[in-house]
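Q: Okay, here's the structure, questions in a sec.
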Amino acid sequence: MDLLRVAVTSLASLAAMFLLTKLMGNKQVSQMNLFDYVIGITIGSIAAEMATELDTPENSLLAMAVYAVAAVCISLLTNKSLRVRQVMTGRPLILMDGVLYRENLKKAKMDLSEFLMYCRIGGYFDLSQIQTALLEHNGTVTFLPVEMQRPATPADLSLQPDQTMLQTPVILDGEALPGNLQRVGKDMTWLMRQIQSQGYQTPEEVFLAMADGNRLTVFSMESKKKPADLTDK
């Protein structure tokens, strides 16, 4: 019976965590501020305890709910109050602005090796290409390149390219998606005509199809091309 109760409370804690996460909002780890990170760890710890707390699992569930409500309240406050936002999420920290700020690197708990690593990850192997480097409140480092080093844009070249349309999946794993077809203003007749023009008879032969305006990009269910082996030999 104890094992059955552990299984039931484990599923209940998983369901509770899912619902509370949806309540607090979806964020990737890289998008979390310090408060989000602390709340996430705490709720996870309570959920693990709830799974094995056979006597009073409702106490753990209540604690999880309290933390989730606190997170939602803080989120609402940070949306309405700039001062609360600055306290809870912090401000961007300038690490480099033509010169390297040693004191700000210390505040960021970042040494030069780490800073250079972030530069390389951002695609900058030459520091002279960087005008400004900022440590954002979620821990990522963003860069503003020197004007002469930034990529040229169509506006720089006086070009007027066509706007790229958002691609929408209309076939997934061999199954047509009528709802997505309707969203892009198409129907099954258009879809069948498009895939047949590319050598397919039915949607079941298509692994993925993406609609982009009047264009359809199709990937076959079975590819004769084998992926390259990237392992060292």
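Q: What net charge is computed for the residues neighbouring LEU77, neighbours being all others with C-beta under 10 Å from the C-beta of LEU77, Lys and Arg scored +1, Asp and Glu -1? Show your work: numbers first, answer last.
A: Working: positive: LYS80, ARG83, ARG85; negative: none.
So the surrounding residues net to +3.
Q: Sorted by average packing, counted as other Cβ atoms within 10 angstrom per residue and highest first, what order do 100-109, 133-142 take?
A: Numbers: 100-109: 12.6, 133-142: 17.6.
The packing order, highest mean first, is 133-142, 100-109.
Q: Could you sort the peptides 165-172, 185-192 by per-residue average Cβ neighbour count (10 Å cutoff), highest mean leading? Can you show the working numbers first?
A: Details: 165-172: 16.4, 185-192: 14.1.
Answer by packing, highest mean first, reads 165-172, 185-192.
Q: Not counting ligands, DNA or RNA, and with a 1.4 Å probe, what is MET117's accessible surface area in Å² rounded to the nearest 10?
A: 80
Q: Let me ask something else. Where does the charge balance sit around GLY179 when Lys and Arg score +1, Asp and Glu -1, over other residues with C-beta under 14 Å from its C-beta?
A: Numbers: positive: ARG183, LYS186; negative: GLU175, ASP187.
Its environment carries a net charge of 0.
Q: A further question follows. Would you grab the residues whose amide H sits under 5 Å from the one on LEU95? Only those 5+ places off in sequence or on another chain, please, with H modelled 1.01 Å from N.
A: Result for LEU95 returns ALA133, LEU134, LEU135.
The values are calculated or read from the model by the stated rules, or taken from the named source; none is laboratory data. Quick caveat: nothing in here was measured; it's all calculated off a predicted structure. When we count neighbours, we look across all protein chains shown, and the Cβ atoms used for this are built from the backbone with ideal geometry, even at glycine. Just the protein is used for accessible areas: all its heavy atoms, side chains included, with ligands, DNA and RNA removed. Shrake-Rupley method; radii C 1.70, N 1.55, O 1.52, S 1.80 Å.
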